[in-house]
Amino acid sequence: MNNFDTKKKIVENGGSKIFNNWNEKFGISKDEFIENLKWVCEDPANGHSTVTNKNDGLTREIAIDANHDAIVRAECMSMSDEARKMFGQSYDENKCEAHIVKLHRIVNSFGRTEYYRIDNGKLFESVQFIAISARNRI
């Protein structure tokens, strides 16, 4: 499962669409991304899978945790000036905060995938929820 070296080269060569997006929109550094990518690629894949009914499911993912200002800034970056005016949201550049969080992935008894933060064990819920696992293309 560990395809970290290949993915790391893609990031370092500028070919990772996910890293490039997270860097541009949220200021995620290459070092932070690669460090977290390594962790996610080391997923033991021993979570219970409702598809196979075995303990071979993914257990690790990473995602962006961003505050309101950072989310609004990211949304505005892809808009034209006219669309930004119509959007009507403003943000304070000095208050924009975003970082990568490590998530524990589980499938609950109803078959729904849930994500819990590794740092505090709380359910992760975010408006800008794009998570990546060891199986995703970067």
Legend entry - Share of carbon and sulfur in the accessible heavy-atom surface of the chain [1.4 Å probe, %]: 45
Legend entry - GNM top mover of Asp43, Asp69, Asp92 - the chain, alpha-carbon springs below 10 Å: Asp92
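Excluding ligands, DNA and RNA, what is the solvent-accessible area per residue of the stretch 78-138 at a probe of 1.4 Å, expressed in Å²?
Details: 4560 Å² over 61 residues.
Ligands and nucleic acids excluded, the result is 75 Å² per residue.
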Inset, instruction - Of the listed pairs Lys7/Lys54; Lys8/Lys54; Lys17/Lys38; Lys30/Lys122; Lys9/Lys122, which have alpha-carbon separations greater than 25 Å here? - result: Lys7/Lys54; Lys8/Lys54; Lys30/Lys122; Lys9/Lys122
Legend entry - Under 27 Å from Lys85, Cα to Cα: lysines that are on another chain or at least 8 residues apart: Lys25, Lys95
Legend entry - Exposure rule at most 16 other beta-carbon atoms within 10 Å, DSSP loop GluC sites (Glu not before Pro): the chain longest free segment: 43-96
Legend entry - Per-selection Rg to Rh, the chain - Cα, Kirkwood hydrodynamic radius: 1.02
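The values are calculated or read from the model by the stated rules, or taken from the named source; none is laboratory data. Not measured: the values here are computed from a predicted model. A quick note on method: Cβ atoms are made from the backbone with ideal geometry, for glycine too, and the neighbour counts reach across all protein chains shown. Heavy atoms of the whole protein, side chains included, go into the accessibility calculation; ligands, DNA and RNA do not. Shrake-Rupley method; radii C 1.70, N 1.55, O 1.52, S 1.80 Å.
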